[in-house]
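Here's the structure, in structure tokens; my notes come after.
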Amino acid sequence: MAFHLRNATLVTSDSDVQTSTDLRIDDAGTITEIGRSLARNDGDAEMDARGALCLPGLVNTHNHSPLMIVRGMVEDKGFAPAYIPGVPQGHWLSEEDTLALARLGVMEMLCAGATTIVDYYRCPEALAQAADEFGLRAMIGGRVMDMDTAALAEGRFERDTTLGDETLRAALDVIEKWDGHDRISTILAPHAPDSCSRDIFTEMRDIAAKTGKQVHTHLSQSQWEVDQLIAREGMTPTEFLDDLGLLSPDLIAAHCIFMSDSDISRFGQANAVVAHAPIGNASFCAAARITLCTDTKSADMFEAMRMSLATARWRAGMSFDFNAREVFGWATTAGAQALKGHDATGMLRVGDPADLILLDPLAPNLHPVLDGFGIVAHSGSAANVTNVMVQGEWLIRDRRPTRVNMEDVITEAHATAQKLWARAAS
């Protein structure tokens with residue numbers, strides 16, 4: 001149905017803030033007109049935004065939605081659940097468990113204003129199903145690795161070729177099933193240089209060359225990873241990917257924390273992409289293209305914007321080289337431009353898909369609006385998101401999903417978490 005959004009305060013990275021603005025959206029979910037006091041078209045559905053800040057949908061470039069199960073439980077124990085003993089592990093999850101947890105993770109991201117996400121983990125079919133049920137755009141990958149996951153949690157790197165074959169097959173199956181979907185696309189997702197052998201990364205490189213798929217991995221997320229690669233390959237993780245021919249604009253690497261100056265230069269010269277997760281790690285790779293993600297820490301991309309500014313300034317000795325408008329772009333346009341295989345632009349222009357979010361016009365923390373980029377990045381919160389639209393369809397109205405029952409999702413995920421944590425305790 002065609003839609004007319006009235007009286008919004010438009011904040012988009014390609015223009016200054018526009019107050020008292022209307023957007024007209026056609027039946028295909030495309031923005032057809034932007035202006036003040038646009039004439040009403042008979043038959044159009046209408047909504048008065050009441051001056052609410054209207055932003056492009058946020059692009060969250062690195063997540064593992066089922067891992068919300070460990071949130072609040074592992075942050076004081078280590079850098080990632082796969083490497084921590086005594087917590088639920090990915091290889092314990094059935095398809096049903098993964099779907100229950102992914103639904104909660106996806107719902108949280110959507111409610112927090114993310115209209116395009118990258119999500120990869122074991123059982124990728126469940127991730128794709130969860131994203132499809134809620135209606136947002138998603139790039140889905142199967143987590144491929146051939147180091148024994150149980151051994152990893154105990155600090156050992158033991159190759160398991162059967163695991164490698166199984167996870168690769170699941171990753172290829174999800175590509176075969178979902179390619180061609182209008183909102184769900186796919187990626188290649190080797191877990192990390194330390195948890196994948198050279199053979200796995202070589203296979204990923206060859207598949208990427210044949211299919212044009214992007215490769216999305218963790219990179220230099222711990223000193224442990226760096227030490228393991230130097231011991232195994234005689235080079236840093238960044239050098240390892242470069243040696244394989246994987247450093248390119250089609251590489252999206254999450255974290256990039258423990259990188260030498262040489263690594264940063266090498267990564268930047270390749271024009272590769274950082275999925276920066278400032279909530280989870282106080283890092284910044286200034287030599288590369290930057291996108292923002294939450295890595296299922298809180299799903300709050302507003303917090304990610306704020307933290308990315310804080311960590312960059314801390315690392316640069318309180319230099320003010322970056323500003324709110326720039327990190328707003330990292331959360332919207334930069335992510336949309338870095339990811340392939342979707343229609344999102346991260347902007348709100350005539351001809352763009354109507355992927356947008358509205359923030360609470362009565363939220364005290366969003367006033368006064370003198371600089372929309374500043375108030376969003378420095379003061380905004382996921383809790384301010386009231387409505388979310390993807391391709392002209394409202395997926396969140398008045399803070400509640402329109403396609404899925406919120407209470408049922410929470411109840412099922414909670415029961416699954418209790419079961420898995422009970423197993424970990426025993």
Residue within segment 333-349 that is more than 20 Å from the chain's Cα centre (by Cα) and surrounded by fewer than 23 Cβ atoms within 10 Å (Cβ to Cβ) present: yes
Answer residue from segment 275-330, given it is of a type in the set (Val, Ile, Thr) and part of a loop (DSSP other than H, G, I, E, B) and is modelled with the highest pLDDT among those: THR294
Segment 28-50 - residue that is more than 24 Å from VAL106 (Cβ to Cβ) and open to solvent by less than 30 Å² (accessible area, probe 1.4 Å) and, of those, farthest from the chain's Cα centre (by Cα): LEU38
Residue within segment 19-29 that is acidic (Asp, Glu) and free of Cβ contacts under 8 Å to residues at least 40 places away in the same chain present: yes
Residue in segment 222-239 that is over 15 Å from MET145 (Cβ atoms), touching a residue at least 40 places away in the same chain (Cβ under 8 Å) and among the aromatic types (Phe, Trp, Tyr) present: yes
Positions within segment 321-378 being charged (D, E, K, R) and more than 18 Å from THR61 (Cβ to Cβ), in sequence order: ASP321, ARG325, ARG349, ASP352, ASP360, ASP371
Which numbered condition ASP261 misses (of (1) at pLDDT below 95; (2) within 20 Å of ARG143 (Cβ to Cβ); (3) open to solvent by 30 Å² or more (accessible area, probe 1.4 Å)): (2)
Flag for GLY141 being buried (at least 20 other Cβ atoms within 10 Å of the Cβ), in contact (Cβ under 8 Å) with a residue 12 or more places away in the chain and touching a Phe, Trp or Tyr at 6+ places or on another chain (Cβ under 9 Å): yes
Qualifying residue in segment 163-174 (condition: under 19 Å from the mean Cα position of the chain (by Cα) and crowded, with 21+ Cβ neighbours inside 10 Å): yes
Which listed residue, of LEU101, LEU53, is crowded, with 23+ Cβ neighbours inside 10 Å and either touching a strand residue (DSSP E or B) at 6+ places or on another chain (Cβ under 7 Å) or among the charged types (D, E, K, R) (or both): LEU53
Count of segment 261-274 residues which are touching a helix residue (DSSP H, G or I) at 6+ places or on another chain (Cβ under 8 Å) and assigned to a loop (DSSP other than H, G, I, E, B): 1
Inter-residue pairs, beta-carbon under 6 Å, first closer than 22 Å to ASN384 by Cβ and in segment 303-324, second among the β-branched types (Val, Ile, Thr) and modelled with pLDDT of 90 or more, 6+ apart: ALA304/THR294; MET305/VAL327; SER308/VAL327; LEU309/VAL327
Selection count where residues are part of a loop (DSSP other than H, G, I, E, B) and of a type outside the set (Ser, Thr, Tyr), scope segment 235-251: 7
Segment 353-371 residues that are within 18 Å of PHE3 (Cβ to Cβ), paired with ones that are modelled with pLDDT of 95 or more and of a type in the set (D, E, K, R) (beta carbon under 8 Å, 6 or more apart): ASP355/ARG137
Check on ASP243, more than 27 Å from ALA138 (Cβ to Cβ), acidic (Asp, Glu) and surrounded by fewer than 19 Cβ atoms within 10 Å (Cβ to Cβ): yes
The one condition in (1) open to solvent by less than 10 Å² (accessible area, probe 1.4 Å); (2) under 18 Å from the mean Cα position of the chain (by Cα); (3) modelled with pLDDT of 95 or more that VAL70 fails to fulfil: (3)
Segment 37-49 residues that are closer than 19 Å to SER20 by Cβ, paired with ones that are open to solvent by 90 Å² or more (accessible area, probe 1.4 Å) (beta carbon under 6 Å, 6 or more apart): none
Single match in ALA112, ALA128 (criterion: touching a residue at least 12 places away in the same chain (Cβ under 8 Å), within 29 Å of PHE201 (Cβ to Cβ) and of a type outside the set (Val, Ile, Thr)): ALA128
Strands (runs of 3 or more DSSP E) contained entirely in segment 352-426, each with at least 3 residues that are open to solvent by 10 Å² or more (accessible area, probe 1.4 Å): 393-397
Filter pass, VAL369 being at pLDDT below 95, over 25 Å from ASP179 (Cβ atoms) and of a type in the set (Val, Ile, Thr): yes
Leading residue by the ranking (nearest to ILE357 (Cα to Cα)) among those in segment 12-26 that are touching a strand residue (DSSP E or B) at 6+ places or on another chain (Cβ under 9 Å), open to solvent by 40 Å² or more (accessible area, probe 1.4 Å) and assigned to a loop (DSSP other than H, G, I, E, B): VAL17
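The values are calculated or read from the model by the stated rules, or taken from the named source; none is laboratory data. This one's a predicted model, so the numbers in the text were calculated from it and none came from an experiment. Cβ coordinates were reconstructed from backbone atoms using ideal geometry, including for glycine residues, and neighbour counts include every protein chain displayed. When the accessible area is computed, the model is the full protein with side chains, heavy atoms only, and any ligands, DNA or RNA have been set aside. Shrake-Rupley method; radii C 1.70, N 1.55, O 1.52, S 1.80 Å.
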